[in-house]
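Enquirer: Got a structure here, written out as structure tokens. Questions coming.
The values are calculated or read from the model by the stated rules, or taken from the named source; none is laboratory data. This one's a predicted model, so the numbers in the text were calculated from it and none came from an experiment. Every residue, glycine as well, gets a Cβ built from its backbone with ideal geometry; the counts of neighbours run over all protein chains shown. The accessibility values were calculated without ligands, DNA or RNA, using every heavy atom of the protein model including side chains. Shrake-Rupley method; radii C 1.70, N 1.55, O 1.52, S 1.80 Å.
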Amino acid sequence: MAKKGRYCSFCGKQESQDLILIEGLDACICTNCIEKAGEILQHIKIEELTRQNQQVAEFHLDKKPKDIKAFLDQYVIGQEEAKKVLSVAVYNHYKRIDYYTTRTDDDVEIDKSNIILIGETGTGKTLLAKTIAQLIDVPFCIADATVFTQAGYVGEDVESILSRLLQAADYNVAKAERGIVFIDEIDKVARAVDNPSITRDVSGEGVQQALLKLLEGSIVNVPPEGGRKHPEQKFIQVDTRNILFIAGGAFDGIERKIANRLNTSIIGYKKESKKINKDNLLEHVSAQDLKTFGLIPELCGRFPVITHLNPLDKDALKRILLQPKNALLKQYTKLLELDKVNLKFEDNAIDYIVEKAVELKLGARGLRAIIEKIMTDIMFDAKPAKNKTLSITLDYVTKKCEQVFV
């Protein structure tokens, strides 16, 4: 039974069934005041981190486009055109930051070059962005565009992208303001038809409109812990002028838009389309095709650099299995090596895995799914043994794949 006459020494409220008091030596405090005190301490901590980290060492990118591409070659197989375009765009972006840091005149204004990557699933869009950020050593975050809604509706506001970037930078605002943001599934916020909506499109055109202020470069009030905005919540101001935005999407069906624009078709050629590569129409993608697909013109204009990723053929998939630093077979070989087991894949088994991945049409992700299925039982039963060699044969791979991938 609660004692009568006890009050919270902070807010003055009397103890009741709904309000619990915690008693000290000479005072009491209620649970409501404890929660508010915790919130205040959290805000103080964030403000202190922000204040301490405002000053950072001057950033200078000493890598040339060829150096950037050479680094990408170690992790990403193929996609030569995309790697070249991305290397030049990233180099120019950070050279632009250096220019604004050291310039003595205002004669030339250099615009930011945000990038959009178009390609099928599993072709390496996210890997390219992550590898670039790894080389440059700047804060990096990945945002999924499918969860965003227009402000005021259920879902995430687009400002939560910058919350994640701040967290990746340990709330160092100056460091976050030269980071890289990868917006995945950007094609999922396209409007259904190439006409301005006369009604609310809260998860499509509305999100595109909300993204504009981030992409063009402005000072944005960011909730430090993410989530919805509230009037009583303290914000951190982030300047997005020097943040590089890279967007990626599969844009399923955009080939038909490209074909229509080029006066050809996916099935056959017309007289005017002799020089068009029908097997990979993405080579000819332009901002006009993105607009026709459903991106608003303003958003297309803020992604001036557009490049495509080619579908992965058998040769590329096999090289992905064997060559990069993060090659799948290298990863599993190292894992079993830690258990003193030498793992070997027979050549015909590797060829079968590649052919099955081509059938699945999931790109490099298809390779991972197949390898996981093959290796699960092996790694479950693996026992440390000195100089033990384990060979993966074609019969074993075929048996495992036929159980799942019919």
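Enquirer: Can you compute the FRET efficiency between residue 342 and residue 322 using 1/(1 + (r/R0)^6), with r the Cβ-Cβ distance and R0 = 22 Å? Round to the nearest 0.05.
Expert: E(calc), rounded to 0.05, equals 0.85.
Enquirer: In whole Hz, with x marking every Gly and Pro, tabulate ³J(HN,Hα) for the range 27-38 from phi via Karplus 6.51 cos²θ - 1.76 cosθ + 1.60, θ = phi - 60°.
Expert: 3J(HN,Hα) across the range 27-38, in whole Hz: 8, 10, 9, 8, 5, 4, 5, 5, 5, 5, 5, x.
Enquirer: Moving to a separate point now. Work out from phi, with θ = phi - 60° and the Karplus expression 6.51 cos²θ - 1.76 cosθ + 1.60, the ³J(HN,Hα) of each residue of the range 179-191, listed in order in whole Hz, and give x for Gly and Pro.
Expert: x, 10, 10, 10, 9, 8, 6, 5, 5, 6, 9, 6, 6
Enquirer: May I pose another question? What figure in square angstrom, to the nearest 10, would you give for the accessible area of residue 319 with a 1.4 Å probe?
Expert: The accessible area of residue 319 comes to roughly 80 Å².
Enquirer: Per residue, how much accessible area does the range 294-396 have with a 1.4 Å probe, in Å²?
Expert: 55
Enquirer: Something else: What ³J(HN,Hα) values, in whole Hz, does the Karplus curve 6.51 cos²θ - 1.76 cosθ + 1.60 give for the range 322-328 when θ = phi - 60°, with x put for Gly and Pro?
Expert: Running phi through 6.51 cos²θ - 1.76 cosθ + 1.60 with θ = phi - 60° gives 10, 9, x, 4, 9, 4, 4 Hz.
Enquirer: If you project the alpha carbons of the range 308-384 onto their three principal axes, what span does each projection cover, largest first, in Å?
Expert: So the three principal-axis extents are 44, 22, 21 Å.
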